[in-house]
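What follows is a structure written as structure tokens; I'll ask about it next.
The values are calculated or read from the model by the stated rules, or taken from the named source; none is laboratory data. These numbers come from a predicted model, not from an experiment. Glycine gets a Cβ as well: all are built from the backbone with ideal geometry, and neighbour counts include every protein chain shown. Heads up: the accessible areas ignore ligands, DNA and RNA and are worked out on the full protein's heavy atoms, side chains in. Shrake-Rupley method; radii C 1.70, N 1.55, O 1.52, S 1.80 Å.
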Amino acid sequence: MPDALDATPYDALLLLSFGGPEGPDDVVPFLENVTRGRGIPKERLKEVGQHYFLFGGVSPINDQNRALLDALRKDFADHGLDLPVYWGNRNWAPYLTDTLREMVADGRRRILVLATSAYASYSGCRQYRENLADSLAALEAEGLDLPKVDKLRHYFNHPGFLEPMIDGVLDSLADLPEDVRDGAHLAFSTHSIPTASADSSGPVEHHGDGGAYVAQHLDVARLIADAVRERTGVDHPWQLVYQSRSGAPHIPWLEPDICDHLEERQAAGVPAVVMAPIGFVSDHMEVLYDLDTEATAKAGELGLPVRRSATVGADPRFAAAIRELVLERAAAESGQQPTPCALGALGASHDLCPVGCCPARAPRPAAAGADSPYA
């Protein structure tokens, strides 16, 4: 048996994710949850839902979260970490509030939260913290004793997140025809967000052109490209690109779009492209539709060979990274001074989101930060 690892003061880990429909009848209600308060007509939601209907109305994200839960539980057990793992979603069952209610009933008093987003941004961090605050407020209204909730730091530059992506790019390059392999371009893709949101991402001192969101993705792309060069001896050109834009056309969003980028690379004479979705933890709908379907079809029109590299998913190295992050945070909360594990130029992210970090357009309470009403 492995020696027992100690996560004190924490007594549970909560996997917090976006959620997704699990059948055709779920698609519109799910999208109503996602867009609540925006006044979008049901007919428009049915149009948007066509991406899901192409895949039988099922988002892959829930099964991928189940696989990650299994990987985390196995890793914890294999390494002697006695820490139960729960799962709650923002927009579909199991809903976050229901899961927190279950955790309270189970006697959990100090909860660590793992969000399925590795980077700083409003939608990838603060909005999850707002969801936590909403759920805690609901439990408080029910008269329940509230647990203390903390969120794990951003893990974009942890080796256990990076190494699976490096291997994915190497595998994709190896899968290309030999005559185009060495000239292949690397397109590192992430979710586009409004430029105003990007500029205000991260702590206040990091606000500016692209903010922490762009800086963190660029650092990851650079780390992966450098690792590929070191392991293959080939220096592949690369660029950070964006996908999955969903906003009003008059609002500026991060560019270039992946499909526009493929056209530009083909016109420039690039012989092949590897699309690496570094902004996504797993192969959910944005990856399956925007890259595997739409961008791959565009590449086919252009006669441009493309491959799409794997996301991290439930890779054992990622599960091990989460264990390390849990123990790192537990040690810090216990008054120790652990050495954070992080690669690249940016170093380890903050444990506690400071005031002004990734602000919303309309301020709302957010848990697990310096401005939390639930300290």
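So which residues in the stretch 64-78 are closer than 22 Å to residue 131 by Cα and either without any contact (Cβ under 8 Å) to a residue 12 or more places away in the chain or surrounded by fewer than 17 Cβ atoms within 10 Å (Cβ to Cβ) (or both)? Show your work before the answer.
Initially, the stretch 64-78 is screened for residues closer than 22 Å to residue 131 by Cα, giving 64-66, 68-69.
Answer for the stretch 64-78, where residues must be closer than 22 Å to residue 131 by Cα and either without any contact (Cβ under 8 Å) to a residue 12 or more places away in the chain or surrounded by fewer than 17 Cβ atoms within 10 Å (Cβ to Cβ) (or both): just 66.
When only residues in the stretch 337-346 that are farther than 21 Å from residue 208 by Cβ and of a type outside the set (A, V, I, L, M) count, which is most open to solvent (accessible area, probe 1.4 Å)? Spell out the reasoning first.
Residues of the stretch 337-346 farther than 21 Å from residue 208 by Cβ: 337-343.
Checking which are of a type outside the set (A, V, I, L, M) leaves us with 337-341.
On the way: 337: 178, 338: 47, 339: 127, 340: 65, 341: 51 Å².
The extreme case among them is 337.
For the stretch 1-39, how many residues are under 22 Å from the mean Cα position of the chain (by Cα) and in contact (Cβ under 8 Å) with a residue 40 or more places away in the chain?
The first filter runs over the stretch 1-39 and keeps only residues under 22 Å from the mean Cα position of the chain (by Cα), leaving 12-22, 27, 30-36.
With the extra rule that they be in contact (Cβ under 8 Å) with a residue 40 or more places away in the chain, the set shrinks to 12-22, 30, 33-34.
Of the residues in the stretch 1-39, 14 are under 22 Å from the mean Cα position of the chain (by Cα) and in contact (Cβ under 8 Å) with a residue 40 or more places away in the chain.
Just to be sure I understand the filter: pairs with C-beta atoms under 7 Å, separated by 6 or more residues or on different chains, first member in the stretch 95-106 and farther than 16 Å from residue 10 by Cα, second member among the charged types (D, E, K, R). Which pairs pass?
96/90
Another question, if that's okay. Search the stretch 106-165 for residues being of a type in the set (D, E, K, R), part of a helix (DSSP H, G or I) and open to solvent by less than 10 Å² (accessible area, probe 1.4 Å), and hand back the single one that is farthest from residue 310 (Cα to Cα).
130
Let me ask something else. Considering only the stretch 299-351, state which residues are without any contact (Cβ under 8 Å) to a residue 24 or more places away in the chain and β-branched (Val, Ile, Thr).
Of everything in the stretch 299-351, just one residue is without any contact (Cβ under 8 Å) to a residue 24 or more places away in the chain and β-branched (Val, Ile, Thr), namely 339.
Next question. Looking only at the stretch 355-374, filter to residues that are more than 20 Å from the chain's Cα centre (by Cα), touching a residue at least 12 places away in the same chain (Cβ under 8 Å) and open to solvent by 40 Å² or more (accessible area, probe 1.4 Å); which one of those is nearest to residue 207 (Cα to Cα)? It would help to see each step written out before you state the result.
Going through the stretch 355-374, the residues more than 20 Å from the chain's Cα centre (by Cα) turn out to be 355-356, 361-365, 370-374.
Okay, now just the ones that are also touching a residue at least 12 places away in the same chain (Cβ under 8 Å), so 355-356, 364-365, 370-374.
Checking which are open to solvent by 40 Å² or more (accessible area, probe 1.4 Å) leaves us with 355, 364-365, 370-371, 373-374.
Values: 355: 13, 364: 20, 365: 21, 370: 18, 371: 18, 373: 24, 374: 26 Å.
Across the stretch 355-374, the extreme among qualifying residues is 355.
Let me ask something else. What number goes with the only condition from (1) small (Gly, Ala, Ser); (2) open to solvent by 40 Å² or more (accessible area, probe 1.4 Å); (3) at positive phi that residue 57 does not pass?
(2)
Quick check: anything in the stretch 79-99 out of contact with any helix residue (DSSP H, G or I) (no Cβ under 9 Å at 6 or more places or on another chain), open to solvent by less than 30 Å² (accessible area, probe 1.4 Å), outside any loop (DSSP other than H, G, I, E, B) and not hydrophobic (A, V, I, L, M, F, W, C)?
Within the stretch 79-99, not a single residue is out of contact with any helix residue (DSSP H, G or I) (no Cβ under 9 Å at 6 or more places or on another chain), open to solvent by less than 30 Å² (accessible area, probe 1.4 Å), outside any loop (DSSP other than H, G, I, E, B) and not hydrophobic (A, V, I, L, M, F, W, C).
Okay, next question. Quick one: which residue in 349, 334 is open to solvent by 20 Å² or more (accessible area, probe 1.4 Å), among the polar types (S, T, N, Q) and within 17 Å of the chain's Cα centre (by Cα)? Steps first, please.
Numbers: 334 fails: within 17 Å of the chain's Cα centre (by Cα).
None of the other options fit; the residue is 349.
Suppose we filter 371, 315 for residues that are within 30 Å of residue 21 (Cα to Cα) and of a type in the set (Asp, Glu); which single one remains? Let's see the steps before the verdict.
Working: 371 fails: within 30 Å of residue 21 (Cα to Cα).
On inspection, the qualifying residue turns out to be 315.
For the subset of the stretch 299-322 comprising residues that are open to solvent by less than 30 Å² (accessible area, probe 1.4 Å) and of a type outside the set (A, V, I, L, M), which member is farthest from the chain's Cα centre (by Cα)?
Of the stretch 299-322, the ones open to solvent by less than 30 Å² (accessible area, probe 1.4 Å) are 299, 304, 306, 309, 311-313, 318-322.
Okay, now just the ones that are also of a type outside the set (A, V, I, L, M), so 309, 311, 313, 318.
On the way: 309: 16, 311: 10, 313: 10, 318: 12 Å.
By that ranking, first place goes to 309.
Out of the stretch 260-285, which residues are open to solvent by less than 20 Å² (accessible area, probe 1.4 Å) and of a type outside the set (Ser, Thr, Tyr)?
261, 262, 272, 273, 274, 275, 276, 277, 278, 280, 281, 285
Among the residues of the stretch 286-298, are any touching a residue at least 12 places away in the same chain (Cβ under 8 Å), closer than 18 Å to residue 157 by Cβ and surrounded by 16 or more Cβ atoms within 10 Å (Cβ to Cβ)?
The initial filter retains those residues of the stretch 286-298 that are touching a residue at least 12 places away in the same chain (Cβ under 8 Å), namely 286-296, 298.
Of the ones still in play, those that are also closer than 18 Å to residue 157 by Cβ are none.
Checked against the condition, which is being touching a residue at least 12 places away in the same chain (Cβ under 8 Å), closer than 18 Å to residue 157 by Cβ and surrounded by 16 or more Cβ atoms within 10 Å (Cβ to Cβ), the stretch 286-298 yields no hits at all.
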